[in-house]
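Data block below; observations after.
The values are calculated or read from the model by the stated rules, or taken from the named source; none is laboratory data. What you are looking at is a predicted structure, and each value in this text was computed from that prediction instead of being measured. Backbone-built Cβ (ideal geometry, glycine too); neighbour counts: all protein chains shown. Surface accessibility is based on the protein's heavy atoms, side chains included, excluding ligands, DNA and RNA. Shrake-Rupley method; radii C 1.70, N 1.55, O 1.52, S 1.80 Å.
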Amino acid sequence: MIETQTVKPAVFVGLASWDMIALLPGFPAPDGRLVAERIVEAGGGPAATAAVACARLGVPACFIGAVGDDVYGARILAALRAETVDVSGVVRVVNTASCAALVLADRTQATRALCPTLPPDFTLTAGSLQARMITQAALIHADQIGYGKLAALGTALPPLSIDAGNPIPDLDHRAARLFVPTIARLEAMFGPADPATLLRRAAGADWVVATDGAAGAYALDRTRERLWHVPAFLPAPCLSTLGAGDVFHGALVAGWMRGMGCAEATAYAGITAGLSCRGIDGRSAIPDHDTVMRALPAQRALTNDITELSHAAD
């Protein structure tokens, strides 16, 4: 583990939820009935799950967000504390329900459908505990909820990582050190194109890392002008992809914090996310750092430097 006394933490800002997940042998038809193989409950949310992945990989992590004063809020906080995530910056909103989600996970297709409630609102203000935690961070990672909250603190912030898997109003991706969308989100932003073109259109961040489901991920290091394709790491069995993208983001942050290069950190994140799919929920099967490192050499060997190929396509 990185020595917590000498390393500033990564701070994750955004959404935390409590998930109720049904593992199914398919999806039920309208007005149908389908017996679940298992039903489990666990913490979720993009920024919160990314924080758990980062902490599980041995990198100090803090989470800033909001929960209600209900039983789900208590469970969300307990689950984060159990993973050594610092929750001192979490706001508990009185007389408000926490974000909760019903999740249907189709084991046969490794797909899922989510039905979340809206999260409690919160505000970041200059001079607050949360603002001090953010300004003292080594890196800030924000999801679609957290990104808008950071605007109130101005522009003098530590390096920023943006989870752009979901639409973000008024997004300025050029302000990020790490910009982590999906290929589908890049197409929505810049129009249809091949992955290399899309990543170059999104340049501005030092790293642009775009996930593409079973096709793996594409990574652009703007500081070196290199582009890689990293194939997906597919474990057996793969029970559910719930939270895999969030785990990928947390692991990419952990790789950056450990001083890895772009291609290595992307492979590191892909292994972590792939292994997390062995669990029904998004967190229980997240591996530790040593487990990921044992798989990393083989995954790095499969990583393709496509810089020249992408230039030739231009």
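Some observations on this one:
- Protein heavy-atom accessible surface, 1.4 Å probe, per residue over the range 68-127: 55 Å².
- Short to long, the 10 Å bins of the Cα pair-distance histogram for the chain hold 6, 28, 36, 23, 6, 1 percent of all pairs.
- Simple spin-label estimate for L102 and M189 gives 3.4 nm between the two label positions (7 Å along the Cα-to-Cβ direction from each Cα).
- In this simple spin-label model, placing a label point 7 Å from the Cα along the Cα-to-Cβ direction at both A203 and D69 gives a separation of 5.3 nm.
- Extreme residue, positive dipole direction of the chain, given options L102, T307, G73 (C-beta unit charges): G73
- For A110, residues with placed amide H under 5 Å, excluding near neighbours: none
- Hz values of 3J(HN,Hα) by residue in the range 193-198 - Karplus curve (6.51, -1.76, 1.60), Gly and Pro given as x: 5, 6, x, 4, 5, 4
- Peptides 148-154, 219-225, ordered by how many other C-beta atoms sit within 10 Å of their residues on average, highest first, read 219-225, 148-154.
- Think of a 1.4 Å ball rolled over the protein heavy atoms: the range 141-262 then has 39 Å² of accessible area per residue.
- Extension gain for the segment V7 to A156, taken as residue separation times 0.36 nm less the Cα-Cα distance, is 51.6 nm to one decimal.
- Each other residue within a Cβ distance under 15 Å of G245 adds +1 if Lys or Arg and -1 if Asp or Glu, for a net charge of -3.
- Amide proton proximity set for V91, modelled H, under 5 Å, gap of 5+: G65, A66, V67
- Applying the Karplus relation 6.51 cos²θ - 1.76 cosθ + 1.60 with θ = phi - 60° to the range 141-149 yields 3J(HN,Hα) values of 10, 10, 9, 5, 7, x, 4, x, 5 Hz, where x marks Gly and Pro.
- Working from label points 7 Å from Cα in the Cα-to-Cβ sense, the R258 to F27 distance is 3.6 nm.
- If the segment from A214 to S88 were pulled out straight at 0.36 nm per residue, it would be longer than the present Cα-Cα gap by 41.7 nm.
- Cα-based equivalent ellipsoid, the range 23-69: semi-axes from gyration tensor eigenvalues, Å: 33, 14, 9
- G43 long-range amide H proximity, modeled H, under 5 Å: D19
- The chain - mean residue ellipticity at 222 nm from DSSP helices (-39,500 (n - 2.57) per run, n ≥ 4, rounded to 500): -9500 deg cm²/dmol
- Charge dipole of the range 48-147 about the Cα centre (unit charges at C-beta), most positive-ward option of F122, H141, A82: A82
- Computed about the Cα centre, the dipole magnitude for the chain is approximately 360 debye when only Lys and Arg (+1) and Asp and Glu (-1) carry charge, each at its Cβ.
- The range 160-267 - share of DSSP beta bridges that are antiparallel (%, nearest 5): 55 percent
- What a 1.4 Å probe finds exposed on the chain is 55% carbon and sulfur by accessible area, rounded to a whole percent.
- Using a Förster distance of 25 Å, the FRET efficiency for A113-L234 (Cβ separation, nearest 0.05): 0.70
- Three principal axis lengths of the range 70-120 [C-alpha, angstrom, descending]: 39, 27, 15
- Leading residue at positive end of dipole, the range 1-82 (Cβ point charges), from L57, G43, L24: L57
- The phi-based Karplus calculation (6.51 cos²θ - 1.76 cosθ + 1.60; θ = phi - 60°) puts the 3J(HN,Hα) values of the range 9-16 at x, 8, 10, 10, 10, x, 9, 10 Hz, whole numbers, x for Gly and Pro.
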